[in-house]
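Here the structure is laid out as structure tokens; the discussion comes afterwards.
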Amino acid sequence: MTPDVTVVGGGAIGLAVAWRAAQRGLTTVVADPAPGTGATHAAAGMLAPITEVHYGEVPLLGLNLDSARRWPDFSAELETAADCSIGYRSEGTVAVAFDDDDVRALDALVQFQGQLDLPVERLGSRECRSLEPSLSPRVRGGALVTGDHQVEPRALTTALVRACDGVGVEFVRRAVTAVGPGPRVRLDGDDVLESRSVVVAAGWRSAALVDIPVRPVKGQILRLRGDVSSLLTRTVRGLSHGVSVYLVPRANGELVVGATVEERGADTTVTAGAVRELLDAAVDLVPGVSELEFSETSTGLRPGTPDNAPLLGRAPGEDDVWVATGHFRNGILLTPVTADVMADLVTGSDPPAIARSFDLERFA
Ligand code: GLY
């Protein structure tokens, strides 16, 4: 029987779209040679619409906040469906600044966040250290953002695969070499998968399958291990001598330190300079980081678009081929809203109004 929808790509976005589509009664296939191994595998999992707000990205902020509001229910529903934890944590985030220039940059950001009515509390150096005693006494100040949370992306994909299995999603573990014409997916070896509709959710690789403006943006990221819960109780984002870094503590003893943002095409090399820069900044802010075990380096390729916002809509010139990619720095954050929007689109329902500005017409 011809399936209702084939989702190309088994990262957090593709898996969540497939789960939601199958929950709505669509027979659903996910095509990916190795689900959960792309950008999602490298991601830190910050759900940070406020501390990651960028000048010139105000329309995206609305979508990010909408998805952040969906996260608690999405997490609870997924954990029940998959019968496992996805490490959702709601302790909040503290943003800190190391030197005078870093404090000026932090103050400008806090002012911008205030203009947008975002809930941010400016803190002095001592207040930062009373929240997080492992912060260096040299940290000059910071801001508390209780609304920015985190989740564990690798546990998220494990849970999504289980939840998909639970609602009958079929996995085709093969590479996709072409999409179209129409809702047709060509697999390696030249087999063709026919379905009534296709959702392309293959991250930066989507640009090889449909005509859309997506490019890879390299992010190098580190994982350390140790007694992380005595070191930090919440995510710390910081600037140290102008270098931006984040430290995301997990309950399982992992500390994720990231990340570079590099325009180097699809290069996935881990460089000595990036490792050094991230570690220097992390140790400046939290000196105890130097005592942790160094356990992993990885590189993720974020799917970047010309306006840094996702592409959620019909593929150019196609009726039954849809696109869900371009999430750039916000793929994990935007997973719940993307899944709901794409399930609306493929079932012919109206997506929420907030999603309409993110269709592909804006680049037509
Ligand atoms: N959102 C974190 C990153 O893109 O590095």
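Computed quantities for the displayed model
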| read-out | value |
| --- | --- |
| Selection status of THR297, more than 20 Å from ALA12 (Cα to Cα), within 16 Å of the ligand (Cβ to nearest atom), surrounded by fewer than 23 Cβ atoms within 10 Å (Cβ to Cβ) and not charged (D, E, K, R) | yes |
| Selection within segment 252-267 - assigned to a loop (DSSP other than H, G, I, E, B), away from the ligand (no atom under 11 Å from the Cβ) and touching a helix residue (DSSP H, G or I) at 6+ places or on another chain (Cβ under 7 Å) | GLY253 |
| Filter result for VAL283 (buried (at least 19 other Cβ atoms within 10 Å of the Cβ), more than 17 Å from the chain's Cα centre (by Cα) and more than 16 Å from the ligand (Cβ to nearest atom)) | no |
| Enumeration of residues in segment 29-85 that are aliphatic (A, V, I, L, M), closer than 25 Å to GLN115 by Cβ and in contact (Cβ under 8 Å) with a residue 24 or more places away in the chain | MET46, LEU47, ALA48, ILE50, VAL53, VAL58, LEU60, LEU61, LEU63, ALA68 |
| Residue match in segment 221-239 (condition: within 15 Å of the ligand (Cβ to nearest atom), farther than 23 Å from ALA155 by Cβ and open to solvent by 20 Å² or more (accessible area, probe 1.4 Å)) | yes |
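Conditions tested, residue by residue: (1) in contact (Cβ under 8 Å) with a residue 60 or more places away in the chain; (2) more than 30 Å from PRO183 (Cα to Cα); (3) more than 16 Å from the ligand (Cβ to nearest atom); (4) surrounded by 21 or more Cβ atoms within 10 Å (Cβ to Cβ).
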site	(1), (2), (3), (4)
ALA272	no, yes, yes, no
GLU291	yes, yes, yes, no
PRO303	yes, no, no, yes
GLU318	yes, no, yes, no
GLY326	yes, no, no, yes
LEU333	yes, no, no, yes
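Conditions tested, residue by residue: (1) open to solvent by less than 40 Å² (accessible area, probe 1.4 Å); (2) in a loop (DSSP other than H, G, I, E, B); (3) closer than 23 Å to GLN220 by Cβ; (4) away from the ligand (no atom under 16 Å from the Cβ).
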| position | (1), (2), (3), (4) |
| --- | --- |
| LEU15 | yes, no, no, yes |
| PRO33 | no, yes, no, yes |
| ILE50 | yes, yes, no, no |
| HIS54 | no, yes, yes, no |
| LEU60 | yes, no, no, no |
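The values are calculated or read from the model by the stated rules, or taken from the named source; none is laboratory data. Computed from a predicted structure; not experimentally measured. All Cβ positions, glycine included, derive from the backbone under ideal geometry; neighbour counts span all protein chains shown. Quick note on the areas: whole protein, heavy atoms, side chains included, nothing else; ligands and nucleic acids left out. Shrake-Rupley method; radii C 1.70, N 1.55, O 1.52, S 1.80 Å.
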